[in-house]
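Here is the structure we will look at.
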C-alpha cells in the first residue's frame, strides 16, 4: 500500500520541510490547476511518467512551459529516437501507486518506485517556489528547490537537474549526455496491450466493447455544453486509447489474415527451413500499437486546451479530428504499409514452409 496524502504531509512535517498547502477541487491539467493556485507566485509543473523498451521507468518533472521532446530526450539517454513512450496507466498503480493526474517527484517516496529514474527541469532552480500535487490532485503544495532536494535526500535520491530543452548532438564522437540517468533495473509490469497482442484475434464481445469506447470518445471530445470539461478530460485518455487501439487491432487483424497458416500446417511437425525467422515488426504488435497510441495521445493533449475549447466550442471535436488526421495520416499510412508488408512476407514464409514440408507443387495455384 502506497503513502496516502495525509501520511505524506505528515512525513514532510517530520522532516521539518517548509511548505504551503492549497486545497482545491480535483484537477487533471495544469491549466485547471492554474485557476486555483496560479496567483500564488509559485511555478506550475507538468510531470511525465515514461518507460523505455526494456521496461525501465522515468519521471520527468518540468516547468509547465518547458518543451519536452521525447525523441530528443530518448537520444540523450542513449535509447535511440523511439526509445521512450508514455508508461501504461496500470503502471501508475503498480509502481508509483498514485492515481491518474497525480504524478510528481513525491510519488518516488513509495518503495515500489525505487527503480524509477527522476529527471528535474533545471528551470526549477530559478523559481522562488514550485508547485506540486502531494500524491493527490485535490491539493497543491508550494516549496522551494532546497526543500525539494531535502525531501529527495530523505528517500535516498540525488537531485538530477537537466536542461530539458537542450538538443545536443549524439553520435560516435558525442556520447549521450544523460546516459547515467538510465535505471539499471527493469520493472516487470503487466502490459495489457502486449497481452492482447499475444491473442490470435479480438473476440466479438471485445469488438463491441471497443466500438462503444470509440463512440464515447467521439462524444467526449465534442465537449458539449452539458458535459463539464474536467469530466471529459478525466475520461478522454482511457476512451481515446481504447478507440485508437480498436482501429489498430483492425489493421493488425487484416494484416495477419494473409499470414495465418492453414490447419494442415498445424498438424505437420515443425521443421527448420533455412534461417527463416519472423520479422520483429510482425511479432511485436504491442510495440506497434503503443507507438500509435503515443503519437495520437500526444496530439490530443497538445490540441485540447482551454483556449481551443473557448475558440471552437461544440466544433472542437471536428477541429481536433481534422488536425490529427492531417498531421498523422501520412506517417500512419507509411507505418501500416510497412506492417502489412511484414505480414505478407511472413505469409510467404509460411507458404514456403508448407511447400518444402509437403513436397507437393499441386497445392499452390495462382488465383
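The values are calculated or read from the model by the stated rules, or taken from the named source; none is laboratory data. Note that this is a predicted model, so its numbers are computed, not measured. Ideal geometry is used to build each Cβ from the backbone, glycine not excepted, and the neighbour counts take in all protein chains shown.
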- Restricting attention to region 48-56, does a residue exist that is touching a residue at least 40 places away in the same chain (Cβ under 8 Å), surrounded by fewer than 18 Cβ atoms within 10 Å (Cβ to Cβ) and under 22 Å from residue 128 (Cα atoms)? no
- Message: Looking at (1) surrounded by fewer than 18 Cβ atoms within 10 Å (Cβ to Cβ); (2) at pLDDT below 50, which one does residue 197 not meet, given that it meets all the others?
- Response: (1)
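Based on what the data block shows, is residue 41 closer than 22 Å to residue 143 by Cα and at pLDDT below 95? Give the derivation first.
On the way: closer than 22 Å to residue 143 by Cα: yes; at pLDDT below 95: yes.
Judged against the criteria, residue 41 is a match.
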- Select from region 8-26 the residues that are exposed (fewer than 14 other Cβ atoms within 10 Å of the Cβ) and assigned to a helix (DSSP H, G or I) and list them in ascending order. 10, 13, 14
- Task: Would you mind listing the helices (runs of 4 or more DSSP H) fully within region 268-366 where at least 2 residues are modelled with pLDDT under 70 and not assigned by TED's automatic domain parsing to the domain that holds residue 55?
- Result: 280-283, 285-303, 316-358
- Answer yes or no as to whether residue 126 is farther than 15 Å from residue 12 by Cα and free of Cβ contacts under 8 Å to residues at least 24 places away in the same chain. yes
- Checked region 136-170 for anything outside any loop (DSSP other than H, G, I, E, B) and either outside the structural domain of residue 75 (by TED's automatic domain parsing) or out of contact with any strand residue (DSSP E or B) (no Cβ under 7 Å at 6 or more places or on another chain) (or both); matches are 146, 147, 149, 150, 151, 152, 153, 154
